[in-house]
Amino acid sequence: MRVYVSLTLSGLAEAHKAGELGPGPLTAYAVTSALREWYVSDDIEELEYAALSRAAAASLRMIAGDPDVARRRVVVAAELPDGDAVADPDRGLDPGAVGEVRIARAVPLRLAAAVHVDADDAVPDISAAADALGAADQGDDDAQFTVDGAEDHELLWFGVQEIPNLI
């Protein structure tokens, strides 16, 4: 099962140093039955992109919670054995948890398939979105427009061997 783990650049550096994503339990995103229902598509590439986008949104929340981290979203895609990532059936109905899965233990970095990171030119919009996230959560439409602007930036794809250059 492919999972998408949300990080920050400093979190990626820690994972690289430790050789694993963790410690567990970890929250990640994947193509779950709830995501399939929410996205209404049978195209696996579209569904995986939706899971990646959910993970990117979670990375934005991590950035908003730590003013000292670099303002670039980071998502690590990893291939786990079936059953290692489990969707909570009770949270599956929560719109904020669509595609969310739990991983009980740390994920060895050797299972990572790719790293997705914002380009440098996305930093101003990601920074503005992180700053506006709290107001958007409170229903501010202008702030939500700013947060949605982060989604205009596609995450770049990097091979796992490129992590040292990213951090």
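Worth pointing out:
- Subset of segment 131-167 (residues that are surrounded by 14 or more Cβ atoms within 10 Å (Cβ to Cβ), among the hydrophobic types (A, V, I, L, M, F, W, C) and under 27 Å from A113 (Cα atoms)): A150, L155, L156, F158, V160, I163, L166, I167
- Checked against (1) in a loop (DSSP other than H, G, I, E, B); (2) of a type in the set (D, E); (3) touching a residue at least 40 places away in the same chain (Cβ under 8 Å), D42 passes all but condition (3).
The rows are residues; the columns are (1) under 24 Å from G83 (Cβ atoms); (2) among the acidic types (D, E).
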position	(1), (2)
M1	yes, no
S6	yes, no
S10	no, no
E14	no, yes
L21	yes, no
P25	yes, no
V31	yes, no
E37	yes, yes
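- All helices (runs of 4 or more DSSP H) inside segment 57-167 with 1 or more residues being over 24 Å from H16 (Cβ atoms): 123-137, 141-149
- Criterion: under 17 Å from V123 (Cβ atoms) and out of contact with any Leu (no Cβ under 9 Å at 6 or more places or on another chain) - qualifying residue of D82, D42, D66, D88: D66
- Picking from residues in segment 115-130 that are crowded, with 17+ Cβ neighbours inside 10 Å and among the aliphatic types (A, V, I, L, M), the one that is nearest to G83 (Cα to Cα) is V115.
- Within segment 25-39, the set of residues being of a type in the set (D, E, K, R) and more than 18 Å from the chain's Cα centre (by Cα) comprises just one member, E37.
- Residue in segment 1-37 that is surrounded by the fewest Cβ atoms within 10 Å (Cβ to Cβ), counting only those that are at pLDDT 90 or above and basic (K, R): K17
The values are calculated or read from the model by the stated rules, or taken from the named source; none is laboratory data. All values reported here derive from a predicted model rather than from experimental measurement. A quick note on method: Cβ atoms are made from the backbone with ideal geometry, for glycine too, and the neighbour counts reach across all protein chains shown.
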